[in-house]
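Written below as structure tokens is the structure these notes are about.
The values are calculated or read from the model by the stated rules, or taken from the named source; none is laboratory data. All of these numbers come straight from a predicted model, not from anything done at the bench. Cβ placement follows ideal geometry from the backbone for every residue including glycine, while neighbour counts extend to all protein chains displayed. Just so you know, the surface numbers come from the protein's heavy atoms only, side chains and all, with ligands and any DNA or RNA stripped out. Shrake-Rupley method; radii C 1.70, N 1.55, O 1.52, S 1.80 Å.
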Amino acid sequence: PAAASEALESVLTGDEAAPDDVTRFCVHKRVIVGNDARCLVPASAFDPTSQVATHQWRVYVRAPPPGISRRPDQLGRWIRRVRFFLHPSYAPDTVVDVDAEPFELRRDAAAVGEFPVRVQLHFWDAARNPPFDVIHHVRMYHALTARTVGGPERLYEIELDRQTDFSAYLGGSSS
């Protein structure tokens, strides 16, 4: 439909897409998945055997900085939802959906270490673009300070179908 074509053209010619991000079959987008953590108790009072929350961690999906990305990007223009699948110890909230930017999740933890979090990106035109899955390893053992300490980050390139219908996000109707 014409509305979908105009919406796609609007997204592709906006600030978030450079001409070399678009090929004959797909639109290339980039995201960074990472985490950071901080200690909630003074290092002198830290007790690894305690069941009280001692750390706070955050896992996030964000746009790459200008040096890595060709142009700034608004993830909400093409990502509809980020779903985080957590370790069973976080029951009953083991699956958490974040439906708007910033796409991030914060939790407190009673232990330090490393554990996997499945991060699933859902796109506006789900019929053309299936969810994109990433397994990110949250690392907290390095954060024995009250300041936030960055954890691992990884850059992912995602291919969206060239005919993606962005009209649902832009306020039109998807047909």
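Table for the structure above
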item	result
Subset of the range 57-76 [modelled with pLDDT under 90 and β-branched (V, I, T)]	I68
Qualifying residue in the range 115-138 (condition: within 16 Å of W57 (Cα to Cα), among the hydrophobic types (A, V, I, L, M, F, W, C) and at pLDDT below 90)	no
Hey, R107 touching a residue at least 40 places away in the same chain (Cβ under 8 Å) and open to solvent by 50 Å² or more (accessible area, probe 1.4 Å) or not	yes
Every residue from the range 150-175 that is open to solvent by less than 60 Å² (accessible area, probe 1.4 Å), among the aliphatic types (A, V, I, L, M) and modelled with pLDDT of 85 or more	I158, L160
